[in-house]
Amino acid sequence: MNAPAGPPPPGKDPATRPHGPDATRPHGPDPARPFSARPPLRSRTVFAAAHVVADPRADTTPDGPAAVDWDATLAFRHHLWAHGLGVAEAMDTAQRGAGLDWSAAAELIRRTAAEAAAVGGLLACGVGTDQLPPHPASLADIRRAYEEQLGLVEAAGGRPVLMASRRLADAATGPDDYRELYGHLLRQAARPVILHWLGPMFDPALAGYWGSTELDAATETFLAIITDHPAKVDGVKVSLLDAGREVALRRRLPPTVRCYTGDDFHYPELIAGDDHGASDALLGIFDPLAVPAAAALRLLDSGDTEGFRAALDPTAALARHLFRAPTRHYKTGIVLLAWLAGHQSHFTMLGGLQSARSLPHLRRAHQLADGLGLFPDPELAAHRMRQLLAVYGTELAAYGTEAEDV
């Protein structure tokens with residue numbers, strides 16, 4: 001990328017002039033416009049876990065209620081649907097449990113579900129226990145919290161994703177507590193759900209989930225819950241960043257149960273699959289990669305697996321950079337790229353988490369995304385990156401172009 005070092009000429013500021021296909025819309029596509037989505041993807045079921053856009057004008061604090069820019073947030077969901085991807089709503093990419101409180105998450109689910117119904121968009125929604133206070137909870141309290149959220153998602157019309165619960169990880173005494181609680185929820189679910197296994201690299205409070213820190217033992221408990229209730233499980237989302245383990249688990253699932261990869265490191269190979277099967281997807285990285293991911297998946301729809309890999313494999317370097325340790329802060333890079341791409345007018349996050357990654361990390365994210373051609377207006381992206389660096393008293397030219405280890 002060869003961006004000019006100085007400010008743009010007067011009247012040519014790319015942050016203020018019209019740009020891109022939605023030049024009159026600072027936040028992206030207008031949900032009120034007629035929906036013109038690409039045809040649905042056929043070979044895989046794919047959800048992008050979508051971020052939320054904070055309201056930078058709100059007078060709040062990191063500990064205060066979440067302040068969401070609803071127009072920009074919903075416009076981004078329309079962007080994902082328009083390319084044929086499903087939306088996974090109120091997941092960890094949306095800062096669930098890291099700035100997005102349950103009250104705001106419930107409103108987000110209701111609003112997104114209404115938009116999905118209006119345009120026929122594919123939608124799954126996170127079900128958790130984050131309305132509980134931070135002190136220890138009983139298993140009965142945890143069950144009621146799950147039931148409340150499950151009821152809201154089902155009433156809204158979303159496909160429930162039973163998310164891993166920090167409260168359950170803290171309260172459970174062993175595998176039997178997980179089997180009993182999840183069994184209760186699955187028996188009462190009105191439609192098949194997605195079970196979510198989020199590894200401790202995404203949330204350290206989830207260490208030992210399913211009743212064991214040994215992954216082999218945890219896998220057996222997870223599979224037992226599924227095989228006890230196969231008709232109530234649409235699929236499993238596995239976010240362990242371990243491709244071999246995911247493939248082994250995938251091969252042991254009942255034939256009616258999907259494996260939605262949540263592996264933001266190895267997604268091209270896992271979606272492409274092998275002679276024994278393939279993974280569908282529910283991925284945070286598909287938030288910034290919606291356009292190239294959808295294009296690659298359409299190659300897969302046509303039977304061109306080599307073309308799919310050739311198109312998607314180059315994106316893995318960006319994904320590995322955004323999701324590098326501490327992985328739980330990947331959301332900062334996701335929101336940076338949304339701002340640079342023009343999907344939102346600012347780089348502000350719930351809870352002030354725009355500061356969770358270093359400037360060199362963000363600079364490298366810009367370089368990698370620019371190299372992939374992710375920005376509809378590269379000049380706008382370069383200008384905004386210079387603005388960000390200037391806030392911290394540095395210049396874009398102060399950083400070299402040498403690649404970091406990613």
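The values are calculated or read from the model by the stated rules, or taken from the named source; none is laboratory data. Model, not experiment: these values are computed from the prediction. Here the Cβ positions follow ideal geometry from the backbone for every residue, glycine too, while neighbour counts run over all protein chains shown. Note: accessible area is taken over every heavy atom of the protein model, side chains too, but ligands, DNA and RNA are not part of it. Shrake-Rupley method; radii C 1.70, N 1.55, O 1.52, S 1.80 Å.
Descriptive notes on the structure:
- Failed item in (1) open to solvent by 40 Å² or more (accessible area, probe 1.4 Å); (2) part of a loop (DSSP other than H, G, I, E, B), with GLY342 passing the rest: (1)
- The residues of the stretch 138-197 that are among the basic types (Lys, Arg) and either surrounded by fewer than 20 Cβ atoms within 10 Å (Cβ to Cβ) or out of contact with any helix residue (DSSP H, G or I) (no Cβ under 9 Å at 6 or more places or on another chain) (or both), listed by number, are ARG143, ARG144, ARG179, ARG187, ARG191.
- Single residue of the stretch 92-103 satisfying the filter (open to solvent by 10 Å² or more (accessible area, probe 1.4 Å) and on the phi < 0 side of the Ramachandran plot) that is nearest to the chain's Cα centre (by Cα): ASP92
- Every condition in (1) under 20 Å from ALA75 (Cα atoms); (2) buried (at least 22 other Cβ atoms within 10 Å of the Cβ) is met by PHE308 except one, and the failing one is (1).
- Only residues that are within 18 Å of the chain's Cα centre (by Cα), surrounded by fewer than 19 Cβ atoms within 10 Å (Cβ to Cβ) and in contact (Cβ under 8 Å) with a residue 40 or more places away in the chain were counted across the stretch 354-370, and they come to 0.
- Residues in the stretch 235-249 that are charged (D, E, K, R) and open to solvent by 30 Å² or more (accessible area, probe 1.4 Å): ASP242, ARG245.
- Test: residue in the stretch 58-66 that is buried (at least 16 other Cβ atoms within 10 Å of the Cβ) and not β-branched (Val, Ile, Thr): yes
- Pick from the stretch 262-300, criterion open to solvent by 30 Å² or more (accessible area, probe 1.4 Å) and assigned to a helix (DSSP H, G or I), ranking: farthest from GLY126 (Cα to Cα): LEU299
- Residue in the stretch 225-233 that is in contact with a Lys or Arg (Cβ under 8 Å, 6 or more places away or on another chain) and not in a helix (DSSP H, G or I) present: yes
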